[in-house]
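Below is one structure, written out as structure tokens; comments come after it.
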Amino acid sequence: MRAEVKNYGVLGLVVVLQVAGNIFLSRGMRRVGSLSGVSVASLYAYGIKTATNPWVMLGFVLLLAFFALYLTALSRLDLSYVLPMTASTYVLTALSAWFLLGESVSPTRWIGTLAVTIGIVLVTDSERRKSRESKPVNEGLRMVPLTSGEENSN
């Protein structure tokens, strides 16, 4: 049970860090603006302006932390579980973009977000069922198979 709580904590942080990182990157890039021309000088100036923007830097650091925790989650859990769980970032990103960045989110996007949410619930439920089914009934007993003519030396 303790490992399960730890795994949920890692996944929760993965989701929060990814959403926050993307929100900060978006805010920073809106302040940086779009690239005006395609010359070496303009690309250099744009790169410097982007790399020195505090919102972009904060978003980048948060996304690096996200990636490190994502790797941790993948080392502990099945990809078929981790990826759908991190898909909850779509829901939180849509809400955050609407609330924090003032973006307009169409009804079609909200319906898609609801569909993702339903998928997350189904995947979470299937993982919970899988973990319940995989636990042996007699967890505390050590069962040693015996073949004919052998004695149990334990």
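The values are calculated or read from the model by the stated rules, or taken from the named source; none is laboratory data. Remember, predicted model here, so these are calculated numbers, not experimental data. Counting neighbours? That spans all protein chains shown, and the Cβs are built from the backbone with ideal geometry, glycine included.
Looking at the range 98-117, can you tell me whether even one residue there is β-branched (Val, Ile, Thr), touching a Leu at 6+ places or on another chain (Cβ under 9 Å) and surrounded by 13 or more Cβ atoms within 10 Å (Cβ to Cβ)?
Checked against the condition, which is being β-branched (Val, Ile, Thr), touching a Leu at 6+ places or on another chain (Cβ under 9 Å) and surrounded by 13 or more Cβ atoms within 10 Å (Cβ to Cβ), the range 98-117 yields at least one hit.
Answer with yes or no whether Gly59 is of a type in the set (Gly, Ala, Ser) and part of a helix (DSSP H, G or I).
On the way: of a type in the set (Gly, Ala, Ser): yes; part of a helix (DSSP H, G or I): yes.
For Gly59, the condition - of a type in the set (Gly, Ala, Ser) and part of a helix (DSSP H, G or I) - is met.
When the residues of the range 4-34 are narrowed to those that are modelled with pLDDT under 85 and either assigned to a loop (DSSP other than H, G, I, E, B) or touching a helix residue (DSSP H, G or I) at 6+ places or on another chain (Cβ under 8 Å) (or both), which ends up farthest from Leu69 (Cα to Cα)?
Glu4
Exactly one of these conditions fails for Ala65: (1) small (Gly, Ala, Ser); (2) farther than 24 Å from Ala87 by Cα; (3) touching a Gly at 6+ places or on another chain (Cβ under 9 Å). Give me its number.
Of the numbered conditions (1) small (Gly, Ala, Ser); (2) farther than 24 Å from Ala87 by Cα; (3) touching a Gly at 6+ places or on another chain (Cβ under 9 Å), the odd one out for Ala65 is (2).
Among what's in the range 35-58 and is touching a helix residue (DSSP H, G or I) at 6+ places or on another chain (Cβ under 7 Å) and β-branched (Val, Ile, Thr), pick the residue that is surrounded by the fewest Cβ atoms within 10 Å (Cβ to Cβ). If you could, list the steps in order and put the result at the bottom.
Filtering the range 35-58 for residues touching a helix residue (DSSP H, G or I) at 6+ places or on another chain (Cβ under 7 Å) gives 35-36, 49-50, 53, 55-56, 58.
With β-branched (Val, Ile, Thr) added as a condition, the list becomes 50, 56.
Working: Thr50: 18, Val56: 20.
The residue in question is Thr50.
Let me spell it out: the conditions are (1) modelled with pLDDT of 90 or more; (2) in a helix (DSSP H, G or I); (3) not charged (D, E, K, R), and Gly119 meets all of them except one. Which number is the exception?
(1)
Criterion first (touching a Gly at 6+ places or on another chain (Cβ under 8 Å), within 22 Å of Tyr8 (Cα to Cα) and of a type in the set (Gly, Ala, Ser)) does Ala115 satisfy it?
no
Hey, can you tell me all the residues within the range 65-77 that are closer than 17 Å to Thr89 by Cα and either in contact with a helix residue (DSSP H, G or I) (Cβ under 8 Å, 6 or more places away or on another chain) or surrounded by 17 or more Cβ atoms within 10 Å (Cβ to Cβ) (or both)?
Residues satisfying the conditions are Ala65, Phe66, Leu69, Tyr70, Ala73, Leu74.
For Arg129, indicate whether it is of a type in the set (Lys, Arg) and exposed (fewer than 11 other Cβ atoms within 10 Å of the Cβ).
Working: of a type in the set (Lys, Arg): yes; exposed (fewer than 11 other Cβ atoms within 10 Å of the Cβ): yes.
When the stated conditions are applied, Arg129 passes them.
Kindly indicate whether Lys49 is closer than 30 Å to Arg129 by Cα and of a type in the set (Lys, Arg).
Details: closer than 30 Å to Arg129 by Cα: no; of a type in the set (Lys, Arg): yes.
So Lys49 does not fit the description; no.
Just a yes or no: is a residue in the range 74-82 outside any helix (DSSP H, G or I) and within 30 Å of Lys130 (Cβ to Cβ)?
The answer is yes; a qualifying residue exists.
Looking at Arg30, Arg2 in this structure, which one is more than 30 Å from Arg129 (Cα to Cα), surrounded by fewer than 15 Cβ atoms within 10 Å (Cβ to Cβ) and among the charged types (D, E, K, R)?
So the residue among Arg30, Arg2 that is more than 30 Å from Arg129 (Cα to Cα), surrounded by fewer than 15 Cβ atoms within 10 Å (Cβ to Cβ) and among the charged types (D, E, K, R) is Arg30.
Within the range 9-26, track down each residue that is closer than 20 Å to Leu95 by Cβ and either of a type in the set (A, V, I, L, M) or surrounded by fewer than 18 Cβ atoms within 10 Å (Cβ to Cβ) (or both). I'd like the intermediate steps shown before the answer.
The first filter runs over the range 9-26 and keeps only residues closer than 20 Å to Leu95 by Cβ, leaving 11-26.
Within the range 9-26, Leu11, Gly12, Leu13, Val14, Val15, Val16, Leu17, Val19, Ala20, Ile23, Leu25 qualify.
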